[in-house]
There are 2 protein chains.
Amino acid sequence: MITCNAVINYCSACGSPVTHRIPEGDSLARAVCDTCGTIHYVNPKIVVGCLPVFGDRILMCKRAIEPRYGLWTLPAGFMEINESAAEGAAREALEEANANVEIEDLYTVYSIPHISQVYMMFRARLLDPDVSPGVESLEVKLVTEEEIPWDQLAFAMVKRTLNHFLEDRRTGIFVPRFGDIHPPQR
Amino acid sequence: MITCNAVINYCSACGSPVTHRIPEGDSLARAVCDTCGTIHYVNPKIVVGCLPVFGDRILMCKRAIEPRYGLWTLPAGFMEINESAAEGAAREALEEANANVEIEDLYTVYSIPHISQVYMMFRARLLDPDVSPGVESLEVKLVTEEEIPWDQLAFAMVKRTLNHFLEDRRTGIFVPRFGDIHPPQR
């Protein structure tokens, strides 16, 4: 799934050129259409996903798309309209790994301000170990803790979510985590 | 803050009329521009807010805007680009009630599929009881449990969040909740 952050030059409702200015009563500049009056708000996007578990193994997917082609991730993707976060997380597991999951608790929530995304990752029970790559995956597999490809993970949120899960699994008490992810210092 | 769900008739990048169809490799219909190639995704919006506490009292705001003009809410509004969920929650408290808060844990997360919104509500510490209505509030006040206007609450998420908070406050253990909110049966 690809995001779109195209610059707004024209009104998507009426096709007229827009002006970028702060609307009355607002505090941020928006794309405003002076022809039809529409204000075009741009807001962060939600990425929903899950950590599907089968016995002592975790389902992971090798990405067949950019960004991070060829690196490993947990099934996740942009939440669609008219679905719940949990429904979206289950849908992504099905799309990326042909995996049937039962979504459990919301587990990690990360804001990533520099790309205007919020990740919402659920714990999930994989109902059937018969999984296979969807069109966005090169390969899917069920890994034990020792088999996690730590040096080939696609995203910081994957590393953090896996680490929290493995830590909590030792105690049997799964504590939701939330936080922010910022770009690495260079 | 007003949301915008205008129908997409024109490409916001180049101004050409768009076609609504399923792009290659996708599974849902999108507004696609055949002139410049832009795909216009529409995704759920995030509403961030908080439950600011000062001693045994909770900060509530009487809405000066639609929807639910004149009803009571917790400070909350649409998350903006390039901010974290916690930053957005603090910003909304400042905008709606001139309230300085310290954001604590993420406390309730509700998907509302029929309006494509996800609410993320944090517990917060109100740092100074000197609050006053912002432009989107008619009135703000610090209420005890007995003073909560239960029959004049603006949104289901406010009622649920308050109920969970009051329940957890009795034990001193605050447990994050997540779930879905569907339209009331009529």
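The values are calculated or read from the model by the stated rules, or taken from the named source; none is laboratory data. Just so you know, these numbers come straight off a predicted model, no measurement behind them. No Cβ is skipped: glycine too gets one built from the backbone with ideal geometry, and neighbour counts run over all protein chains shown. The protein model used for the area step is the full one, side chains on, heavy atoms only, and it has no ligands, DNA or RNA in it. Shrake-Rupley method; radii C 1.70, N 1.55, O 1.52, S 1.80 Å.
Checked against (1) under 14 Å from the mean Cα position of the chain (by Cα); (2) free of Cβ contacts under 8 Å to residues at least 24 places away in the same chain; (3) away from chain A (no Cβ under 13 Å), B:Arg21 passes all but condition (1).
Checked against (1) in contact with a strand residue (DSSP E or B) (Cβ under 9 Å, 6 or more places away or on another chain); (2) more than 28 Å from A:Lys141 (Cα to Cα); (3) not in a strand (DSSP E or B), A:Leu28 meets all criteria but (1). Looking only at residues of the range B:137-178 that are of a type in the set (Gly, Ala, Ser) and in contact with a strand residue (DSSP E or B) (Cβ under 6 Å, 6 or more places away or on another chain), we find that the one that is farthest from the other protein chains (Cβ to nearest Cβ) is B:Ala154. Among the residues examined, B:Arg30 qualifies as among the charged types (D, E, K, R), in contact with a His (Cβ under 9 Å, 6 or more places away or on another chain) and either surrounded by 19 or more Cβ atoms within 10 Å (Cβ to Cβ) or farther than 30 Å from B:Asp130 by Cβ (or both).
In the set A:Val135, A:Val140, only one residue is surrounded by fewer than 16 Cβ atoms within 10 Å (Cβ to Cβ) and closer than 20 Å to A:Ala64 by Cβ; that residue is A:Val135. Determine which member of the set B:Ala90, B:Ala64 is touching a strand residue (DSSP E or B) at 6+ places or on another chain (Cβ under 9 Å) and touching a residue at least 60 places away in the same chain (Cβ under 8 Å). Of B:Ala90, B:Ala64, the one residue that is touching a strand residue (DSSP E or B) at 6+ places or on another chain (Cβ under 9 Å) and touching a residue at least 60 places away in the same chain (Cβ under 8 Å) is B:Ala64.
Residues in the range B:92-130 that are open to solvent by less than 10 Å² (accessible area, probe 1.4 Å) and of a type in the set (Phe, Trp, Tyr): B:Tyr107, B:Tyr110, B:Phe122. Looking at B:Phe78, B:Phe54, just one residue is of a type in the set (Phe, Trp, Tyr) and farther than 22 Å from B:Val143 by Cβ, and that residue is B:Phe78. Within the range A:121-131, can one find any residue that is in contact (Cβ under 8 Å) with a residue 24 or more places away in the chain, under 14 Å from the mean Cα position of the chain (by Cα) and within 8 Å of chain B (Cβ to nearest Cβ)? Within the range A:121-131, none of the residues are in contact (Cβ under 8 Å) with a residue 24 or more places away in the chain, under 14 Å from the mean Cα position of the chain (by Cα) and within 8 Å of chain B (Cβ to nearest Cβ). Residues that are open to solvent by less than 60 Å² (accessible area, probe 1.4 Å), more than 14 Å from every other protein chain (Cβ to nearest Cβ), touching an Asp or Glu at 6+ places or on another chain (Cβ under 6 Å) and not hydrophobic (A, V, I, L, M, F, W, C) occur in the range A:73-80; there is at least one.
Return yes or no: is B:Thr35 of a type in the set (S, T, N, Q) and more than 12 Å from chain A (Cβ to nearest Cβ)? Criteria not met by B:Thr35.
Can you name every residue in the range B:38-69 that is of a type outside the set (Asp, Glu), more than 7 Å from chain A (Cβ to nearest Cβ) and within 30 Å of A:Ala13 (Cβ to Cβ)? If the condition is that a residue be of a type outside the set (Asp, Glu), more than 7 Å from chain A (Cβ to nearest Cβ) and within 30 Å of A:Ala13 (Cβ to Cβ), then B:Val47, B:Val48, B:Gly49, B:Arg63, B:Ala64, B:Ile65, B:Pro67, B:Arg68, B:Tyr69 are the ones that fit.
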